[in-house]
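Novice: My questions all concern the structure below.
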Amino acid sequence: MRRRLLPLGLAALFFNPSFAQTIDAGGNGAYEASGVRAPRAAEPAAPLTLKAALELALGANPDLSATGRELEAVEATITQAQVRPNPQISTLIEDTQRSTRTTTLQLNQPIELGGKRAARIEAAERGRNAASAELDAKRAEIRAAVMTAFFDVLAAQERLRLAQSSVMLAQRATLAASRRVTAGKVSPVEETKARVAEAGVRVEFTQATSELATARKRLAATWGNPSPRFERAEGQVETLPTLPTLADLTTRLAHAPSLLRAGLEVERRQAMAQVERSRRIPDVTVSLGAKRSEELGRNQAILGLSIPIPVFDRNQGNLLEALRRTDKARDELTATEIRLGGELAQAHERLNAARQEVDSLQKDILPGAQSAYDAATKGFDLGKFSFLEVLDAQRTLFQAKSQYLRALSEGHRAAAQIERVLGDASSVTPAAKP
């Protein structure tokens, strides 16, 4: 009798909660040891290109890393979905007196019916596909954020250079006005106006410096670095991407990561509904064991089969929930398609408007404003124009250049928006410098 109960004692020891916790603790310790947070990426203290910024962000962005971890976690659900139910061992002792005691040892094995295991595996694989599409969408989002931040830095650098030039021009104007006042050619009021204008330009210079610092931090934050180290951003802010046709962009929309993700979510929900549908079929439990009767002095074999009767619980509620969530996923797919189509059309229009504005500024407005300022400055030095005319020409030139930089920034933001929607590196390509 002791020999027969020895396996039962070993099984009880193995399935003891404290023993299981010891195993789990060792496993968790291994995971914790390998899950140490990596240090934040720090770019070299050198000029930074768009390619280098993209490599830094795609390799060290914390949001992208978190999405990748989610994909790894979802892949583990496939392993779990493939496992079969564990067997169960049970024992029963009847009577406390040795002479009349009956001991039963029984092994029970649940057998899944209705394709439950295949449905679980299919649902887990669909979940893995959806998580992979989520990673692609996050990667496109990070690329667009880096592009936007990078060209914001380029524009801020140009704006700072423009403010520096304006300060130099204002200083020259103030010096010229001071000389003319000393010579008695103009009223001291002219010098006061020049100094006020110079102070205003210095305020704009301070604002441009602050905007550049903010843009640099925003760019470095895409790869998790709160303190940017790069010297400057290197690129052609005046080179706007080409303008694809809206029909071409709409055709590419079918392969947009966000749209693919929404479509895969529908498939995942359909697979989940199939899992709930398979659970309506009850499982069978097969039992095999032995019974020892001390009173009769012999062993008896035990064979058993148990099947739940689905009278009350037919899993109808869970199935209905899964079907309604599938309908919801279909509606979200339609809404995503409409939303992305609208965002794509708006970004296309913004890029088109920015290119037209930049072209007009380059061909007509900037040359005219520069010519007017040069003529006013020369005429003021010769005593032909008043200082008010010089200030007006200077203000017009500064506003034209600022408008030019804003148009360039808007164009690059629109191109980055197209990149975010389509998730294709070739969706917008650099054009030759206009």
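Novice: Search the structure for amide H atoms under 5 Å from the amide H of Leu48, placed 1.01 Å from N in the peptide plane, and list their residues when 5 or more places away or on another chain.
Specialist: The list, which skips near neighbours in sequence, is Glu231, Arg232, Ala233, Glu234.
Novice: List the lysines whose Cα lies under 28 Å from the Cα of Lys401, skipping any in the same chain that are fewer than 8 positions away.
Specialist: Straight-distance partners of Lys401: Lys51, Lys193, Lys217, Lys363, Lys378, Lys384, Lys433.
Novice: What full-extension length gain, to one decimal in nm, is calculated for Ala66 and Ile302 as 0.36 nm per residue of separation minus the Cα-Cα distance?
Specialist: Result for the pair: 79.7 nm of gain on full extension.
Novice: Another question about this same structure. Rounded to the nearest 500 deg cm²/dmol, what is the calculated helix-only ellipticity per residue at 222 nm for the chain, with -39500 (n - 2.57) per DSSP H run of length n ≥ 4?
Specialist: It lands at -24000 deg cm²/dmol.
Novice: Using a Förster radius of 30 Å, what is the FRET efficiency between Glu294 and Thr79 based on their Cβ-Cβ separation? Nearest 0.05, please.
Specialist: Efficiency, from the Cβ-Cβ distance: 0.05.
Novice: Given the chain, what percent of its DSSP beta bridges are antiparallel, to the nearest 5?
Specialist: Given both bridge residues lie in the chain, the antiparallel proportion sits at roughly 95 percent.
Novice: Looking at the chain, which longest stretch skips every one of the chymotrypsin sites (Phe, Trp or Tyr not before Pro) that is in a DSSP loop with at most 13 other Cβ atoms within 10 Å, leaving the sites themselves out?
Specialist: The longest uninterrupted stretch comes out as 16-311.
Novice: Exactly which trypsin sites (Lys or Arg not before Pro) in region 342-381 are in a DSSP loop and have at most 11 other Cβ atoms within 10 Å?
Specialist: none
Novice: Peptides 164-173, 411-420: what's the order by average Cβ count within 10 Å, highest mean first?
Specialist: Answer by packing, highest mean first, reads 411-420, 164-173.
Novice: Between Thr250 and Ser187, what's the calculated FRET efficiency when r is the beta-carbon distance and R0 is 60 Å? Round to 0.05.
Specialist: 0.40
Novice: What label, among [x] 1.67; [y] 1.05; [z] 0.95, belongs to Cα Rg over 2.2 N^0.38 Å computed from the structure on display?
Specialist: Checking each listed value against the structure points to [x].
Novice: Next question. If you average the alpha carbon positions of region 339-372 and of region 147-164, how far apart do those two centres end up, in angstrom?
Specialist: 17 Å
Novice: Provide the packing ranking of 77-88, 130-141, i.e. peptides ordered by the mean count of other C-beta atoms within 10 Å per residue, highest first.
Specialist: The peptides rank, most packed first, as 130-141, 77-88.
Every read-out reported here was derived from the displayed coordinates using simple, explicitly stated rules and does not represent laboratory data. Quantities reported herein were computed from a predicted structural model and do not represent experimental measurements. Heads up, the Cβs are rebuilt from the backbone with ideal geometry, glycines too, and the neighbour counts pull from every protein chain shown.
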